[in-house]
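Report on one structure; see the data block that follows.
The values are calculated or read from the model by the stated rules, or taken from the named source; none is laboratory data. All values derive from a computational prediction rather than experimental measurement. Reconstructed Cβ throughout: ideal geometry from the backbone, glycine too, with neighbour counts over all protein chains shown. Heavy atoms of the whole protein, side chains included, go into the accessibility calculation; ligands, DNA and RNA do not. Shrake-Rupley method; radii C 1.70, N 1.55, O 1.52, S 1.80 Å.
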Amino acid sequence: MKKILIVDDLHPAFKEQAIAMGYEVDDEPQITRQQTLGKIKDYTGIAVRTKFKIDAEIFAAAPHLKFVARAGAGLDNIDDKIAFERNIELINAPEGNCDAVGEHATGLLLSLMNNFRRADIEIRNGLWDREGNRGYELKGKKVGIIGYGFMGQSFAKKLAGFEVDVMAYDKYKTGFSDAFAREVSMEEIVKHSDVLSLHIPLTAETKLMVDDEYFFHFKKPIFFINTARGEIVKIDAVLNAIKAGKILGAGLDVLQTEKFPALGEQPWYNELKNNDKVILTPHVGGWTFDSYRKISEVLAEKLSVLHF
C-alpha cells in the first residue's frame, strides 16, 4: 500500500483525491517534527506546507520516500539536492496561489501609492490632511517585475487594466514577452522603473541579493513590493533607501526574519514598524481561502501523473 503522511494544514481535497488514487493517507496536521521522524519510515510520500524543513535528517529517516508534496509555490524548505540524488519527486503548486499573490501585490502597491495606511491612522486620530495624503496614479507608470514565472505573470495580468508599461526581467528565461509584459534587460529595469516587484525563488544565488548596492543603481525613486521570499531582501537596505529617497514606499509581505518573538528581536524591527512609508503583511500574499483549496487540487492533479 502506498502511504502519504500529511504533516501540515492542507485542504481536504488533496487527501480525498489521493485516497481515490489508491493511497492510504494519514492526515496529521498537529504532528511535530520529532514525531514525524519516528514514523516517516513507513511512507511513500509526505505533504508539507511551512511547518518544518524536509532536510537531510527527514530524508535519512524515510528510506521508502518517493515524493514530497509542497503545498505552496516555493521549494526552499526542501533539500532538493538530496531529493535529486535519491530520485525523489518534488511537486509544488504555484498555479494554486499565483492569483492570490498577484492580487496581494496589486493591493500593496495601490495602498502605498495612495497612502491608505497613513490616512486611515490619521483620521482615526482626529487628523484630516488631504495635502499630506495626496497620492500617485498608476496610469503611465513603468512597472519592473523581477522573475516572470507564475507569480510575476499573475501580477502583470492584474495590472493590465491600469494602462501601465510592464517590463519583466528573468535571468533564466528568454523570449517570454506576452500581452501583459515585455521582456527587458536588468539595465532597463533599473533605468526606467517607477515600481519594482520581486517574484523570484529563494536560492543560494538570490539570498540577500537586494542590498544597498542593488537599490543604488535605480535611476528613479521607486515603489518597492516583495511578495516573494523575505531572505532575498536586506531590510536595512530598504530602510536606507527610504531615508535616501530611493524608495517612496515599500510593501512587504515577507521579511528577512519572520514570526515572533524572533522578528521583534531584530535590530531593524523598531525602525521598520514605525516607518509610515512601509506596509507590512504576515506572509499571506499567497494564502487566501481560495488558494487553500486550489493548492491542494493542483497537488493532487500532479500526484496523479507520478509514476514510481
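Applying 1/(1 + (r/R0)^6) with R0 = 22 Å to the Cβ-Cβ distance of N87 and E24, what FRET efficiency is obtained, to the nearest 0.05?
Plugging the Cβ-Cβ distance into 1/(1 + (r/R0)^6) gives 0.50.
For every other residue with a beta carbon closer than 12 angstrom to the beta carbon of R86, add +1 if it is Lys or Arg and -1 if Asp or Glu, then tell me the sum.
-2
If I compute solvent accessible area with a 1.4 Å probe over the protein chains, what percent of it on the chain is carbon and sulfur?
That share works out to 52 percent.
List the aspartates and glutamates whose Cα sits under 18 Å from the Cα of K139, skipping any in the same chain fewer than 8 residues away.
E103, E163, D165, D194
Can you tell me which lysines have their Cα less than 26 Å from the Cα of K41? Leave out same-chain residues fewer than eight positions away.
Straight-distance partners of K41: K2, K3, K15, K51, K53, K66, K81, K302.
I want to check the label-to-label distance for T50 and E188. Put each point 7 Å from Cα in the C-beta direction and report it in nm to one decimal.
3.4
Tell me, in nm to one decimal, what length is gained between V305 and F116 on full extension, where the rule is 0.36 nm per residue of separation less the Cα-Cα distance?
63.5 nm
If you put +1 on each Lys and Arg Cβ and -1 on each Asp and Glu Cβ, how big is the dipole of the stretch 136-276 around its Cα centre, in Debye rounded to 20?
That gives a dipole near 240 debye.
Could you work out how far apart the two model spin labels at K219 and E16 are, taking each label as a point 7 Å from the Cα in the direction of the beta carbon, and quote it in nm?
About 5.4 nm, to one decimal.
Can you check what the net charge comes to around K142, using other residues whose Cβ is under 15 Å from the Cβ of K142 (Lys, Arg +1; Asp, Glu -1)?
So the environment of K142 carries a net charge of -1.
Once fully extended, how much extra length lies between K207 and D42, figured as 0.36 nm per residue of separation less the alpha-carbon to alpha-carbon distance?
55.9 nm
Would you work out if the stretch 177-308 is rounded, prolate or oblate? Take a ≥ b ≥ c from the square roots of the eigenvalues of the alpha-carbon gyration tensor; rounded if a/c is under 1.5, else prolate when a/b is larger than b/c, oblate otherwise.
It is oblate, given that a/c is not under 1.5 and a/b is not larger than b/c.
Write down the accessible area per residue of the chain in Å², having rolled a 1.4 Å probe over the full set of protein chains.
50
Work through the residues other than P12 whose Cβ is under 10 Å from its Cβ and net out their charges, Lys, Arg +1 and Asp, Glu -1.
0
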